[in-house]
1. Does any residue of segment A:19-41 turn out to be assigned by TED's automatic domain parsing to the domain that holds A:Leu243, over 20 Å from A:Gln211 (Cα atoms) and without any contact (Cβ under 8 Å) to a residue 60 or more places away in the chain?
2. Among B:Leu683, B:Leu640, which is the only one that is touching a Gly at 6+ places or on another chain (Cβ under 8 Å) and closer than 30 Å to B:Ala491 by Cβ?
3. When you go through (1) more than 22 Å from A:Thr247 (Cα to Cα); (2) away from chain A (no Cβ under 13 Å) one by one for B:Gly518, which number turns out not to apply?
4. Could you run through segment A:255-288 and say how many residues are over 25 Å from the mean Cα position of the chain (by Cα) and either within 21 Å of A:Gln94 (Cβ to Cβ) or assigned to a helix (DSSP H, G or I) (or both)?
5. Kindly establish whether A:Met649 is in the same structural domain as A:Ala611 (by TED's automatic domain parsing) and modelled with pLDDT of 95 or more.
6. If you check A:Gly623 against the conditions, is it in a helix (DSSP H, G or I), touching a residue at least 60 places away in the same chain (Cβ under 8 Å) and surrounded by fewer than 24 Cβ atoms within 10 Å (Cβ to Cβ)?
7. Among the residues of segment A:300-311, is any surrounded by fewer than 24 Cβ atoms within 10 Å (Cβ to Cβ), among the polar types (S, T, N, Q) and modelled with pLDDT of 95 or more?
8. Report, by residue number, each residue of segment A:11-41 that is at negative phi, assigned to a loop (DSSP other than H, G, I, E, B) and within 14 Å of another protein chain (Cβ to nearest Cβ).
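The values are calculated or read from the model by the stated rules, or taken from the named source; none is laboratory data. The shown structure was predicted, so the numbers you read here are calculated from the model rather than taken from an experiment. Quick reminder, even Gly has a Cβ in these numbers, built from the backbone with ideal geometry, and neighbours come from all protein chains shown.
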Protein chains: 2
Amino acid sequence: MSTIGVPTPRRDSGPKVRGATRFTADIPVPGLFHARPVLAHEAHALITALDVDEALALPGVVAVLKAADLPLAASGRGRLYEPLARDEVRYAGQPIALVVAESEAIAQDAAGLVVAELEPLDPVLDLEAAARPGAPRARVGTADSGTGSEIGDAHAAVKAAGLDREQLSENVLGTALLEDGDVAGELKRSAAVVRGRFETPWIHQGYLETQTATAWMTPDGELFVTCSTQAPFATRDALAKLLGIATERVRIRAAPLGGAFGGKMMVVEPLAAAAAVALRRPVRLALTRSEDMAAANPAGAQILELELGAEADGTLTAIRGRVLVDRGSTEDFGVESIAALLSAGPYRWRAHRIEALGVATNRVTFGAYRAPTAPPAAFAVESLIDELAQRLEIDPLTLRMRNVLREGDRTVAGVTLPVFGAEACLERLREHPLWTGRAGLPPNEGVGLAIGWWPGGYEPAAAVCRLDSDGRLTVITGAADMTGVETAFAAIAAETFGVDPDRVRVVAADTSSAPYAGTSGGSKITYTVGRAVERAAAEARERLLEVAAEELEISPLDLEIVGGSIMPRGVPAKAIEIDELAGRILRFGSRHMPVEGHGRSAQSPAPQAAAHLSHVRVDPQTGAVEVLGHVVAQDVGRALNPALVEGQMHGGAAQGIGWALLEQLVHDDHGQLTTGTLAGYSLPSPDMTPPIEALIVEVPAPNGPYGAKGVGEAPVVGVAGAVANAVAAATGGVRPRRLPITTEGVWRALSDGSAQPTS
Amino acid sequence: MSTIGVPTPRRDSGPKVRGATRFTADIPVPGLFHARPVLAHEAHALITALDVDEALALPGVVAVLKAADLPLAASGRGRLYEPLARDEVRYAGQPIALVVAESEAIAQDAAGLVVAELEPLDPVLDLEAAARPGAPRARVGTADSGTGSEIGDAHAAVKAAGLDREQLSENVLGTALLEDGDVAGELKRSAAVVRGRFETPWIHQGYLETQTATAWMTPDGELFVTCSTQAPFATRDALAKLLGIATERVRIRAAPLGGAFGGKMMVVEPLAAAAAVALRRPVRLALTRSEDMAAANPAGAQILELELGAEADGTLTAIRGRVLVDRGSTEDFGVESIAALLSAGPYRWRAHRIEALGVATNRVTFGAYRAPTAPPAAFAVESLIDELAQRLEIDPLTLRMRNVLREGDRTVAGVTLPVFGAEACLERLREHPLWTGRAGLPPNEGVGLAIGWWPGGYEPAAAVCRLDSDGRLTVITGAADMTGVETAFAAIAAETFGVDPDRVRVVAADTSSAPYAGTSGGSKITYTVGRAVERAAAEARERLLEVAAEELEISPLDLEIVGGSIMPRGVPAKAIEIDELAGRILRFGSRHMPVEGHGRSAQSPAPQAAAHLSHVRVDPQTGAVEVLGHVVAQDVGRALNPALVEGQMHGGAAQGIGWALLEQLVHDDHGQLTTGTLAGYSLPSPDMTPPIEALIVEVPAPNGPYGAKGVGEAPVVGVAGAVANAVAAATGGVRPRRLPITTEGVWRALSDGSAQPTS
């Protein structure tokens, strides 16, 4: 292997550092109009009037679009189908009108002139209360809304399999129940049982580039959208449906992403596209930072109540759990099943009963965020596993090793696990000096262990490898590059084809002509598209050798590719340079077929795991928690490019520290966001981020390209759990139950002698 | 067959009729600068001074670029390497500077302010004289020019195989000699020998849209060119070389073509691209009509001297020929070989000796024009074949049938012919009432017969067929659509995949991501790329059936595609709609591979032929020739879409009538173009174009998609020959020797009793 496993810089880093990358908002578009949203100032209200006259009168304003002005061809509930609120405001910050003007400044001024009369309704903000039978509705509905149905209709459609629907409020939009075995009996017979109620807040993905989309219609009626998206094909399909345009007439070009982390999927595209279709002029909508904080697609709050049992030897027995996921005003995206699955941790249970409820509240829409629902789940279950170990006086790592899922085990969802590296990650930490030496730490310091996992997504993928006339290889995919996948594709193609990666270019084509690639999410692009690239490159190599064999009158089997040349084995004098041969193939009058390969893949899940050691110091006077160091050992299948993999691990750990200690979107009692800027919303800055040690564990994924699997989501999952366990170790038992773990919360717990601070 | 052979409209017609097509000059580009060339006012001169100060001072002018200002990385001679004349002007109209300004009008004004001091040299304009030893040079060269070499170097490099280099002037840039057998002996023994000297003029392709290109550099140093081109990949490669940019960093998007006919290949692209690279701003260069007439890439004049012999029974014996091709100031494109080949007509000869010389003169550059050199060749050889028939008193059709090339025969180039339909075309005309009834025509009317052929180009090609989530098929190629090829691709893909063509979209991707396709020229795109499309669609179909087979748990062999559904044979109740299955395949968590196919082709030539009957009336008082009707019988292999094929035949015949009777670019004694507008250059207008009867002959091309072959070039070739022979028939022997056949020329021949007018 000359390319695989070699650390090289991300291909997109250079242009980004040089300022040469053009993000969506930077791409000049002639005749562009700029849009600014008018955001609702109430969290729950009926729209009684929307006076746009003054705004329209402002010179330079082209249109002020209300919900009824959008040329929507499909009805339904949720952000996609309701890019502007029609009659009912569901969260503070929900767009209720869109001003389109000749400049962004004019649009902004005009947005301030739109007068919205809102009749306030009681906002539903308490997640737990919202789920209770008889709770006020987060959406009261009207005869005029969306589908014309009331929330009760949606309610009736919810499959509450195994659950007593009467015990759930009409705000419960989705449920999941995973149940097997005699949970009560197992818990009763357990040597130790621990339980806890955990709360995690709304958290923003924290991407640097705000949500941005530019859309226009071509003169011949094609809708063209350039946007900051992870999901070009899914956006194409969604906009086609929404706007009643044939799928083939919608073209999505995914611009370079300035961060995404799961949050960049069809948030602003429906609005920009609907406006462009309505006005037949190019329209750009770029959210401001505050709008993005208030009105995009962050992770929802969760409440997890878990109860775990174990035998005296540490063998886990049963888990019982109830998970509430705050779906805010999301009606078209449910994560209850995954939330239920992840709440059981990566462990074997004899019996389990976990229910998860997706609950509507009057908060912003819920979106994916790097391993959705996984960090809260790991925080909860890993805290309790740690308590079990403490209770049973078993080494926490040993207890985990004893119970961790292995290949062939079944998850609580009933799925048999393929190759799984959780155990190998724990093994890697077992001898780590931070772990072995933790007894000798100074007072008020502690080391916490946790493990996080992610089942891994998959989606069909295809790719093309094309030899160009100068002998360079072009890899063509339809994947949005969120995490450096193009750098990985280049390595895969170079290794497979047999050339230097400098000779490989990677192109992401737009949806009109790209080979299919799924959404860049679920930690799957390298695993799925990368596999297709590998096959495409292999096919292209084979075809190049066929041509060379014809030219040299020799069997392709006797040829090898060395140093940019094709040569008969052992006869370097007869070598043909690929450059020269390529030029001979690709010209008028050549009788050779082009050297191109097309690869496809269909994958099954390749679950990922990362184990963490977090080393913290807790100030006994103030309760302040400082992370002194963090170690993450992650099974990456195969590190195609260790530099990029380590980057993911560093980034995941840093984001996890944000979850653990800093971040939360705080809404006040009226549902107003009080942390709507980066001054108020605390992201982990470099000075808050400890040295992070990334330990790459390689348990090859059987069907991954060169054994690789997804690496993006796993490293964030277990961080908060490790930090929480470290706090417990440092404090002699203060067990955080709420994220973020605040100085005040720890101080209160230390002050009142409680071992279980509530905040 | 439900799609192949069914006449349907061209897909690009609708948008063009509606005005929705955006040609290169219509595509808005932000920050665009406009370029206007400063054209030389002498045909041959040294540039002694170029004063640009006044031009530069005009407000809005950004730059006035001279040759030395262009950032060229490669040196050489010819239009590509010398987009601006450096020291020596080679033709009147040659760009010597490029003004770039904020608007086209400003650029135009400024171009008028550039003061060029030119020291006139004697222009070399007489093609025959230019080829003679000792002739003045068309390029005197200087130490500073291009490569630093003098024309003598180029001269020395010319391979004058078999020719006496001493008998050729230094203006002869290329030669070809095809020779076999005892020509002198065969002619001596022949029962009849005819000879003639034929002249044809410079002719412009007559496309509606003038040459236009827009180029810009992306912030990260990628050169992006949108242009009206037939040759996206070749343009990419040429610009990369010229400007010293890696091939992969040059991206060409072929915009819809507003006519091309062979003339749209790298005429303005080097200038626009060099300016964009120099200025780092988008630059558009759109030639005016007059500039395009004076300074683009028309067909060169030719002089053909041929001598043909036959036995008494009409069996052809030998041909001797000398062809001069006026290459004007083209130094990088030779057509001598093809000119020599075509001058022999599609006939078997026992012996032949044909030499062709490419001669530099002080005229504009020479370019391809629909079957380059073929109409002059057919005009000459078909006139003489007709004379032979007359001399031998053999029916002209019979004589041609006796000698026409058939499969397995060798051409004068020594190539063994594959399947060839010339005979079938003649056969088709044999019983045509115009032919059988020609003896009964009124006085001064006549019918002429001629045949034209074209060997057919080929180039490697690839294509992708992709099933989309809505069940539609997308065909992706890199071919520029000059003649409706996308409509043909849709038919091929639909037929092969088994769906309605309405369900097939065709996309031409830019060079960064398109499967390779050669230049749209040589009548080969349907034949080469179409074959790749057929294979891609077949592969996609196979893969769709595989998925359906898995879903239905049945063998793919037992499945068929009927009416948009896949069904087990004879069990319509179990059918799955393709739309539904496609949606199931292409989604998150699907375990099926995408349904995509990739096809490639490598073709061998599929020569084309068309036979013509032209019916003319000659006014005996004035000499005016009127074409009353025209019949073209063309072997098209297989008419994938008869409407489009007939369109090609109509267009070819009409253009051929332009060659025969109307068109010529006339330069005066100073080399100045006197026919530089459409008022002065006579294109055949509808009232000059007779009813054209298109007879489709189908002799399937063995390797063509559904038997199809190229159809674009063949129909223009024989027209002028047929018209000339018709004039001879109508006048009792006035045999035109020069194109166009003018009223004055015929009148003079009629007046002086000469049977061979010189004009």
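1. no
2. It is B:Leu640.
3. If we test B:Gly518 against (1) more than 22 Å from A:Thr247 (Cα to Cα); (2) away from chain A (no Cβ under 13 Å), just (2) comes out false.
4. 7
5. yes
6. Spelling it out, it is not the case that A:Gly623 is in a helix (DSSP H, G or I), touching a residue at least 60 places away in the same chain (Cβ under 8 Å) and surrounded by fewer than 24 Cβ atoms within 10 Å (Cβ to Cβ).
7. Looking through segment A:300-311, none of the residues is surrounded by fewer than 24 Cβ atoms within 10 Å (Cβ to Cβ), among the polar types (S, T, N, Q) and modelled with pLDDT of 95 or more.
8. Result: A:Arg11, A:Asp12, A:Ala20, A:Thr21, A:Arg22, A:Phe23, A:Ile27, A:Pro28, A:Val29, A:Pro30, A:Leu32.
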